[in-house]
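Note sheet for the following structure.
Please treat every number below as a calculation from the coordinates, not as lab data. No experiment lies behind these values; they were computed from the predicted model shown. Every residue, glycine as well, gets a Cβ built from its backbone with ideal geometry; the counts of neighbours run over all protein chains shown.
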Amino acid sequence: MGAGHRQCGNGQRQDGAGVQAHLYQRHGTLNLFAALQVATGLIQTNATTLKRRAEFMQFMDQIVADAPADRQLRVILDNDCAHKRCDDWLALHPNVHFHFIPSFGQLVKPG
């Protein structure tokens, strides 16, 4: 499987029945991670060709390394699967807190 491909699906449902995974091709799409320090306006970015948890964790490791150890970091994320299941990493970084935007809701209500 090449760098522009990824396998989706886990191959088996909880009831034991098989699930056919499909191949997803990104066709050159880049993945952008960005962090904004609201107080200073500093923006840190990283563009990757792969959209996996490993690349997200590498970006977060860099953000944590660049921040003062006593600073609380609030991270606002969408509900992409690369951002989920990071409990072990978060346990090692108690000053980092993930906040997820609603999956199918408005971010700001009009009016």
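Numbers at a glance
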read-out: Using θ = phi - 60° and Karplus 6.51 cos²θ - 1.76 cosθ + 1.60, couplings along the stretch 65-73 (whole Hz; Gly, Pro as x); value: 5, 7, 8, x, 4, 8, 8, 7, 10
read-out: Taking Lys51, Lys84 and counting other C-beta atoms within 10 Å, the order from fewest to most; value: Lys84, Lys51
read-out: Placed amide H near Val96: partners under 5 Å, 5+ positions off or other chain; value: Leu73
read-out: Karplus (6.51, -1.76, 1.60) ³J(HN,Hα), θ = phi - 60°, over the stretch 90-101, in Hz, Gly and Pro reported as x; value: 5, 5, 7, 10, x, 8, 10, 10, 8, 10, 9, 6
read-out: Förster-model FRET efficiency, 35 Å R0, Thr29 and Asp70, C-beta, rounded to 0.05; value: 0.40
read-out: Solution diffusion estimate, µm²/s, Stokes-Einstein, the stretch 28-100, Kirkwood Rh from C-alpha pairs, 4 °C, viscosity 1.567 mPa s; value: 100 µm²/s
read-out: Kirkwood hydrodynamic radius of the stretch 33-75, Cα pairs, Å; value: 11.2 Å
